[in-house]
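The next block holds one structure in the form of structure tokens; read it before the comments.
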């Protein structure tokens, strides 16, 4: 972005309104735009200083009476009450009309996820605007059989109740290695949308997309009038009933016990998020009591708890759950060093 594009948004940035990451990065790195932001700060401080000063009492001024040609325009004119009511109604209607125009001019955002099972759309969200055109790949198991799919999605246009899409799904490339199967991505030549018809998608429904060669990908999404806050493919603040660990770090007495970057575990009400740290043990976290667990405290992006009088702290890259905070959380430690280092979710242990 250049300075002329950013300058009109500096006032909004000073007022505390949300601006795009590109605007914020430009202001942070551009001396000229940063100087403009500093000028706003100085003007605001000067205005607050003037407002705090006591006004100086000046003697009233006396003007000589003089009749002017257009005095009639400023003279007090009686208005019938019904005419005043009509005038007020017109002003209210004009205000509502301006508000509606502003609401209609706000950009819309399409937040969606997809999966290979109609009842289990992957809660890994993508945020798109009209013009979005990306290819993604996914690997999953259906009845124990691995299935890799590359999916190209193009958003042609959108309204509150209709999203016009063009989609095409083809088998993705995979590779067998000592650790199992890896997803390599879409075909080398990409995925063409030539001849692919537009689809009118109704937000909230499950859209089946046939995979060439067999299988189906199911897409589900919603249209929002604000840019959703997404971190690592998930809402920045999860629902109050879910526990989400993103890139957790576990410490105790200034000692690093475990760290895993770039991974996310999502546990619903009947599950636990499991953080295996290798030699330092395995830790299962849940929002509900379960066998062998002790109570700890969850406060947005951290969990604190104690074992054998020793204090532990888990830090995550984003809020772990929603709702009122701090709140109780339950933790179970299992000292089994043969499990390696991993992060996942699953049924609570008995």
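Computed over the range 293-350, the percent of Cα pairs more than 18 Å apart is 44.
Provide the packing ranking of 276-288, 157-169, i.e. peptides ordered by the mean count of other C-beta atoms within 10 Å per residue, highest first.
Descending mean neighbour count gives 276-288, 157-169.
Available extension along the chain between residue 350 and residue 30 is 109.5 nm, counting 0.36 nm per residue and deducting the alpha carbon span.
Computing FRET efficiency as 1/(1 + (r/R0)^6) for residue 117 and residue 11, where r is the C-beta to C-beta distance and R0 is 45 Å, gives about 0.40. Shown here: the range 231-350, whose C-alpha atoms stretch 32, 28, 27 Å along the first, second and third principal axes, sorted largest to smallest.
Taken together, the values in this text are just the output of simple stated rules run on the coordinates, not laboratory data. Note that the structure is predicted; figures quoted are calculated from it, not measured. Note that each Cβ is placed from the backbone with ideal geometry, even for glycine, and that neighbours are counted across all protein chains shown.
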